[in-house]
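Reading through the structure tokens given below for one structure.
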Amino acid sequence: MSLPEGATVLSAVRAAGIGLPALCDDDRLTPAGSCRACLARLDGRVVAACVTPAVDGARVEVERDDLRLLRREAVELIVSVLPPRALAGGPEISELARVCHSLGIGAGAAAGDPGRGRDDSHPFVRLDRDLCIACGRCVRMCAEVQGTFALTLTGRGADTVVAPGTGGPWAESDCVSCGGCVDTCPTGALTEPGLPLGTALPRLGHTRTTCGYCGVGCALDVLTSDGEVTAVRPAADGPVNRGHACVKGRFAHGYLRSGDRLTRPLLRRGGRLEPVDWDEALGHIAEGLRAAVAQGGPDAVAAISSARATNEENYLIQKFMRAGIGTNNVDNCSRLCHSPSAAGLTAAFGLSGGTDTFDDVENADCLLVVGANPIEAHPVVGARLLQRVLRGTRLIVADPRAVGLADHADVHLRPRPGTNVALFNGLAHVLLAEGLVDDEFLRRRAAGLAELTALVADYPPGRVAEITGVPAEDLAEAARLYGEAAQPAIVYGLGVTEHLHGTDGVRTLANLAILRGAAGTGRGYGVNPLRGQNNVQGASDMGALPDLLPGYGKVTDPGARGRAERVWGVPLPAHPGLRIPEMFAAARSGALRALWVIGEDVCATDPGSTGVAEALEACPLVVCQELFLSETARRADVVLPAASWLEKDGTFVNFDRRFQRVRPAVPAPGQARDDFAIVHAVAAACGVDLGVPTPAEALAECGRVAPIFAGISHERLEREGALAWPCPDPYGPAEAKLYLDGFATPDGLAHLAARPYLPPGEQPDDTYPLILITGRRWAHYNSGSMTRRSGNIRLDATERLDVHPADARRHAVREGDRVTVESRHGRATMRVRVTEETVPGQVFCAFHFPESHVNALTSGHADTDTSCPEYKVTAVRLR
């Protein structure tokens with residue numbers, strides 16, 4: 001028998017197909033050896049199998065009567081202090097009950113007196129202290145897998161029980177509601193409210209799908225009964241999450257049953273939105289689209305596609321706009337977050353995705369995490385990164401705030417917002433000055449070294465410290481940690497992209513990986529962005545962009561355009577369409593006469609929300625399809641009820657370019673339809689036949705338009721589970737790790753970028769002395785339309801403004817005070833949270849509560865290359 005290094009006797013026995021109980025053991029956790037339920041004999045010695053290393057040639061005995069008796073006595077002792085209900089449900093009620101059944105221990109063995117009580121304070125986790133056996137699995141799960149360290153064991157002897165480490169009710173603890181403790185609990189001491197246990201589980205419907213919240217792409221098993229979701233479990237074989245999940249994907253499905261779900265089309269009459277049937281709504285849309293084209297030509301129509309929609313739905317909407325209407329006026333929310341990633345990574349390496357699969361991060365010996373807070377925004381990724389750090393991987397965090405991974409960093413660089421380019425140039429300066437570069441890689445596979453060397457000569461640590469506020473010694477230490485690593489990794493987020501010079505930020509960050517030869521070589525984890533919404537990568541992959549066709553062929557490229565024309569059978573416009581900010585400007589000017597908004601609450605999430613609302617008011621026809629009557633839907637002329645991610649069929653692409661299947665677990669409510677059906681219906685009302693009647697056929701057609709997706713199909717995904725692009729061959733492998741055979745640039749080289757630091761669009765002054773940074777909170781998602789309609793609202797009920805104690809004193813505000821935040825562009829109202837996570841002169845808030853009007857504060861400044869808004873630098877004052 002071949003066993004992996006570090007295998008235990010328990011894993012060897014189970015690999016041989018022999019059952020052996022172990023109440024304190026979970027394959028995901030370090031062994032504890034505390035329950036003695038797995039006693040075996042190794043070369044004559046009785047050992048706890050879960051903590052004893054397997055030895056080649058050793059004789060192992062597990063089924064002798066004396067060993068069985070020892071195991072039975074150990075478990076009987078554990079069970080003796082539990083109340084009768086611990087075993088009353090039979091062998092299928094819990095892991096403990098099954099172990100007792102296998103050892104011949106009857107229900108009468110549980111004869112303890114209840115009395116330790118319950119904790120029902122948390123919306124997603126129930127604690128029954130009387131059933132706790134102090135195995136410690138939940139504590140280790142919280143520490144070793146989630147990395148939150150929220151749980152501990154308290155008490156002594158038989159009174160030992162799990163409890164939140166902070167004391168007090170569970171709901172007020174540091175728990176982030178990943179549910180891992182519930183999954184690993186062997187007794188039912190920790191449970192999920194409303195979920196039947198044991199024998200009831202097989203009677204539930206089971207649907208494997210992919211999470212529709214952030215861009216991590218967790219595989220989930222959805223349990224259903226009578227057409228409703230009962231529970232969601234992380235898939236043990238999920239390629240990214242590996243049996244783990246976060247509070248959003250696992251628990252935030254209550255919105256499905258919300259009383260204000262849209263279930264019928266709405267049409268504006270006399271200033272009011274009134275329910276109508278689908279035929280009337282579609283007829284009104286078709287009439288409005290025809291009128292818009294008649295008055296202003298095809299470019300008088302625009303669509304904002306959705307990063308929440310499937311690939312197939314995004315493919316269909318851009319096809320309708322181009323082949324049906326005749327315009328390239330289609331864009332998606334990546335414009336507001338990661339369009340600088342697409343532009344910067346394409347310029348540096350040739351393709352718009354990250355350079356590696358996330359599995360490669362397991363080999364990293366140094367992590368550089370920049371402008372990202374994965375512990376809150378991408379918790380499953382954050383947990384995996386933290387696991388690496390706890391096992392010895394060095395960590396550099398570059399972020400103005402002290403949050404998440406920053407608590408575990410070897411070096412925490414806290415640059416002033418808007419100074420990323422100077423910071424990255426300073427790191428490059430140290431790498432070059434101290435010879436911490438891969439000379440052979442630079443000579444054979446990179447271009448632009450001379451220009452970069454000349455530029456960064458002007459960015460020594462001392463000057464960079466003056467610009468960024470980062471101490472020179474910290475900058476040098478960070479550069480050395482990254483430069484001396486054998487397998488360096490870069491992970492970044494919106495703190496790099498959402499700036500006036502966001503594309504320059506991506507390019508200069510990519511410089512570091514190129515200098516180290518950490519991309520395209522098999523060494524390191526290259527440069528990889530964390531995507532915010534579930535399908536923000538896929539929406540762009542599918543061509544929901546004004547200048548790019550599916551697969552990133554340029555609309556101005558006759559070859560790419562000709563390929564699409566041959567597949568679709570119509571000529572296509574050759575000039576780029578409008579970006580999202582340009583759509584709003586065109587609407588306000590009267591040039592845009594019809595706007596179709598799919599699954600985006602642009603009034604809540606886009607910058608300058610006052611101007612966005614004015615654009616919607618000015619546009620003669622606004623169509624919105626949504627789950628709820630959002631701020632955007634309230635201003636629409638037609639509102640179409642849409643299906644959620646748990647109610648639709650198709651695929652998503654996650655942050656590391658993996659296509660994964662999305663399957664409907666429950667039907668959509670009332671007359672709601674999925675976006676795929678809605679686009680077909682609108683097209684049909686306009687007299688356009690889009691073909692591809694099913695999502696599977698749409699993805700197949702996309703592969704003919706974009707050869708890099710030609711090898712990916714629903715049928716193949718059903719067999720293989722996940723496939724990364726590029727994947728041009730239906731029978732060949734997917735290319736998860738890019739550029740091993742050359743970069744995808746025209747000359748086949750990685751391109752270094754000599755980009756000087758330029759100041760941000762806004763600066764603080766005496767009138768607006770603070771800099772506002774916006775981002776995400778762990779319990780909510782995007783505009784909060786789904787999470788605020790779930791139990792998550794009990795965990796995080798209001799928006800708040802994080803203020804440093806020094807600024808709180810200076811502005812005479814205290815914890816919990818309601819303050820008005822004013823910028824040069826608007827105002828918002830929030831409660832104050834006093835915290836040292838920020839630095840003096842900077843404040844932070846999220847955008848999950850539209851009623852706070854956070855995005856009324858943000859400016860019109862945007863990345864000069866991609867029009868991505870400068871969300872991360874807004875000068876404000878407090879009133």
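The values are calculated or read from the model by the stated rules, or taken from the named source; none is laboratory data. A quick note: this is a predicted structure, and the numbers were derived from the prediction, not measured. Counting neighbours? That spans all protein chains shown, and the Cβs are built from the backbone with ideal geometry, glycine included.
Sort out which residues of region 22-49 are basic (Lys, Arg) and touching a residue at least 40 places away in the same chain (Cβ under 8 Å), and write them in order of number. I'd like the intermediate steps shown before the answer.
First, pick out the residues of region 22-49 that are basic (Lys, Arg): 28, 36, 41, 45.
Across region 22-49, the qualifying residue is only Arg28.
Part of a strand (DSSP E or B), β-branched (Val, Ile, Thr) and over 30 Å from Asp656 (Cβ atoms): which single residue out of Thr207, Thr224, Thr152 fits that description? Quick ask: steps written out before the conclusion?
Working: Thr207 fails: over 30 Å from Asp656 (Cβ atoms); Thr224 fails: over 30 Å from Asp656 (Cβ atoms).
Unique residue meeting the criteria: Thr152.
Can you tell me which residue is farthest from Pro374 (Cα to Cα) among those in region 101-127 that are within 33 Å of the chain's Cα centre (by Cα) and buried (at least 22 other Cβ atoms within 10 Å of the Cβ)?
Checking each candidate, the answer is Leu127.
Against the condition under 25 Å from Arg242 (Cα atoms), polar (S, T, N, Q) and either touching a Gly at 6+ places or on another chain (Cβ under 7 Å) or not assigned by TED's automatic domain parsing to the domain that holds Lys248 (or both), how does Asn332 come out, does it pass? Please lay out each step first, then the result.
Working: under 25 Å from Arg242 (Cα atoms): no; polar (S, T, N, Q): yes; either touching a Gly at 6+ places or on another chain (Cβ under 7 Å) or not assigned by TED's automatic domain parsing to the domain that holds Lys248 (or both): yes.
Criteria not met by Asn332.
Can you find even one residue in region 745-765 that is surrounded by 17 or more Cβ atoms within 10 Å (Cβ to Cβ) and under 22 Å from Leu549 (Cβ atoms)? Quick ask: steps written out before the conclusion?
Initial filter on region 745-765 (surrounded by 17 or more Cβ atoms within 10 Å (Cβ to Cβ)): 745, 749-755, 757, 760-762, 764.
Narrowing the set further to residues that are under 22 Å from Leu549 (Cβ atoms) leaves 745.
Yes; the residues of region 745-765 include at least one that is surrounded by 17 or more Cβ atoms within 10 Å (Cβ to Cβ) and under 22 Å from Leu549 (Cβ atoms).
Only one of these is surrounded by 16 or more Cβ atoms within 10 Å (Cβ to Cβ), at negative phi and either out of contact with any helix residue (DSSP H, G or I) (no Cβ under 7 Å at 6 or more places or on another chain) or in contact (Cβ under 8 Å) with a residue 40 or more places away in the chain (or both): Pro265, Pro275. Name it.
Pro265
With the structure loaded, tell me whether Thr503 is in contact with a helix residue (DSSP H, G or I) (Cβ under 9 Å, 6 or more places away or on another chain), modelled with pLDDT of 95 or more and closer than 30 Å to Phe652 by Cα or whether it fails that test. Quick ask: steps written out before the conclusion?
Details: in contact with a helix residue (DSSP H, G or I) (Cβ under 9 Å, 6 or more places away or on another chain): yes; modelled with pLDDT of 95 or more: yes; closer than 30 Å to Phe652 by Cα: yes.
The answer is yes for Thr503.
I need the full set of residues from region 60-86 which are assigned to a helix (DSSP H, G or I), under 18 Å from Thr160 (Cβ atoms) and within 43 Å of the chain's Cα centre (by Cα), in order please.
Answer for region 60-86, where residues must be assigned to a helix (DSSP H, G or I), under 18 Å from Thr160 (Cβ atoms) and within 43 Å of the chain's Cα centre (by Cα): Val75, Ile78, Val79, Ala86.
Which one is nearest to the chain's Cα centre (by Cα), of the residues in region 212-235 that are among the acidic types (Asp, Glu) and at negative phi?
For region 212-235, the residue satisfying everything is Asp221.
Filter region 804-824 down to residues that are without any contact (Cβ under 8 Å) to a residue 60 or more places away in the chain and of a type in the set (A, V, I, L, M, F, W, C) and give me whichever is surrounded by the fewest Cβ atoms within 10 Å (Cβ to Cβ).
My answer is Ala812.
So if I check each of Ala342, Ala402, Ala347, which one is crowded, with 21+ Cβ neighbours inside 10 Å and either touching a residue at least 40 places away in the same chain (Cβ under 8 Å) or touching an Asp or Glu at 6+ places or on another chain (Cβ under 6 Å) (or both)? Show your work before the answer.
On the way: Ala402 fails: crowded, with 21+ Cβ neighbours inside 10 Å; Ala347 fails: crowded, with 21+ Cβ neighbours inside 10 Å.
After ruling out the rest, the residue left standing is Ala342.
Any idea which residue in region 420-460 is farthest from Pro760 (Cα to Cα), counting only those that are polar (S, T, N, Q) and surrounded by 23 or more Cβ atoms within 10 Å (Cβ to Cβ)?
Of all residues in region 420-460, those polar (S, T, N, Q) come to 420, 425, 453.
This time we only want the ones that are surrounded by 23 or more Cβ atoms within 10 Å (Cβ to Cβ), so: 420, 425.
Details: Asn420: 10, Asn425: 16 Å.
If we take residues in region 420-460 being polar (S, T, N, Q) and surrounded by 23 or more Cβ atoms within 10 Å (Cβ to Cβ), then Asn425 is farthest from Pro760 (Cα to Cα).
Going by the conditions given, is Thr829 part of a strand (DSSP E or B), of a type in the set (S, T, N, Q) and farther than 24 Å from Ile580 by Cβ? First the steps, then the outcome.
Numbers: part of a strand (DSSP E or B): yes; of a type in the set (S, T, N, Q): yes; farther than 24 Å from Ile580 by Cβ: yes.
Here the answer is yes, as Thr829 does meet what is asked.
Residue check, Ile285 against (1) crowded, with 21+ Cβ neighbours inside 10 Å; (2) touching a Gly at 6+ places or on another chain (Cβ under 9 Å); (3) over 15 Å from Ser644 (Cα atoms), all met but one. Which one?
(2)
Yes/no matrix, rows are residues, columns are (1) closer than 19 Å to Arg661 by Cβ; (2) of a type in the set (Lys, Arg); (3) without any contact (Cβ under 8 Å) to a residue 40 or more places away in the chain:
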{"residue": "Cys686", "(1), (2), (3)": "no, no, no"}
{"residue": "Gly691", "(1), (2), (3)": "no, no, yes"}
{"residue": "Arg704", "(1), (2), (3)": "no, yes, no"}
{"residue": "Tyr731", "(1), (2), (3)": "no, no, yes"}
{"residue": "His751", "(1), (2), (3)": "no, no, no"}
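Out of Val705, Val662, Val653, Val692, report the one residue that is crowded, with 21+ Cβ neighbours inside 10 Å and over 25 Å from the mean Cα position of the chain (by Cα). If you could, list the steps in order and put the result at the bottom.
Details: Val662 fails: over 25 Å from the mean Cα position of the chain (by Cα); Val653 fails: over 25 Å from the mean Cα position of the chain (by Cα); Val692 fails: crowded, with 21+ Cβ neighbours inside 10 Å.
After ruling out the rest, the residue left standing is Val705.
Looking at Gly553, Gly569, Gly543, Gly559 in this structure, which one is closer than 30 Å to Ser713 by Cβ and surrounded by 24 or more Cβ atoms within 10 Å (Cβ to Cβ)?
Details: Gly553 fails: surrounded by 24 or more Cβ atoms within 10 Å (Cβ to Cβ); Gly569 fails: surrounded by 24 or more Cβ atoms within 10 Å (Cβ to Cβ); Gly559 fails: surrounded by 24 or more Cβ atoms within 10 Å (Cβ to Cβ).
Exactly one residue qualifies, and that residue is Gly543.
Please count how many residues of region 648-696 are farther than 30 Å from Pro529 by Cα and part of a strand (DSSP E or B).
Going through region 648-696 one residue at a time, the tally reaches 1.
Have a look at Gly288, Gly283, Gly297 and point out the one that is modelled with pLDDT of 95 or more and on the phi > 0 side of the Ramachandran plot. Step through it out loud before you land on a result.
Working: Gly288 fails: on the phi > 0 side of the Ramachandran plot; Gly283 fails: on the phi > 0 side of the Ramachandran plot.
Only one candidate passes the filter, namely Gly297.
Any residue in region 606-629 that's farther than 26 Å from Val682 by Cα: show its pairings with residues that are hydroxyl-bearing (Ser, Thr, Tyr) at Cβ separation under 6 Å, as long as the two are six or more apart or on different chains.
Pairs found: Pro607/Thr858.
Only residues that are in a strand (DSSP E or B) and in contact with a Pro (Cβ under 8 Å, 6 or more places away or on another chain): list them for region 124-147, please. Don't jump to the end; show me each part of the working.
Filtering region 124-147 for residues in a strand (DSSP E or B) gives 126-128.
Answer for region 124-147, where residues must be in a strand (DSSP E or B) and in contact with a Pro (Cβ under 8 Å, 6 or more places away or on another chain): just Arg126.
Taking the options Ala236, Ala294, Ala231, name whichever one is among the small types (Gly, Ala, Ser), within 30 Å of Thr357 (Cα to Cα) and surrounded by fewer than 16 Cβ atoms within 10 Å (Cβ to Cβ). Lay out the reasoning, then the answer.
Working: Ala294 fails: within 30 Å of Thr357 (Cα to Cα); Ala231 fails: surrounded by fewer than 16 Cβ atoms within 10 Å (Cβ to Cβ).
Every option except Ala236 fails the conditions.
What residue, among those in region 439-454 that are touching a helix residue (DSSP H, G or I) at 6+ places or on another chain (Cβ under 7 Å) and either in contact (Cβ under 8 Å) with a residue 60 or more places away in the chain or charged (D, E, K, R) (or both), is farthest from Leu749 (Cα to Cα)?
Initially, region 439-454 is screened for residues touching a helix residue (DSSP H, G or I) at 6+ places or on another chain (Cβ under 7 Å), giving 442, 446, 449, 452-453.
Adding the requirement that they be either in contact (Cβ under 8 Å) with a residue 60 or more places away in the chain or charged (D, E, K, R) (or both) leaves 442, 446, 449, 452.
On the way: Leu442: 9, Ala446: 5, Leu449: 12, Leu452: 15 Å.
Per the stated criteria, the residue is Leu452.
Go through region 384-398 and give me each residue that's surrounded by fewer than 24 Cβ atoms within 10 Å (Cβ to Cβ) and either closer than 21 Å to Gly761 by Cβ or not hydrophobic (A, V, I, L, M, F, W, C) (or both).
Within region 384-398, Arg384, Gln387, Arg388, Arg391, Gly392, Thr393, Arg394 meet the criteria.
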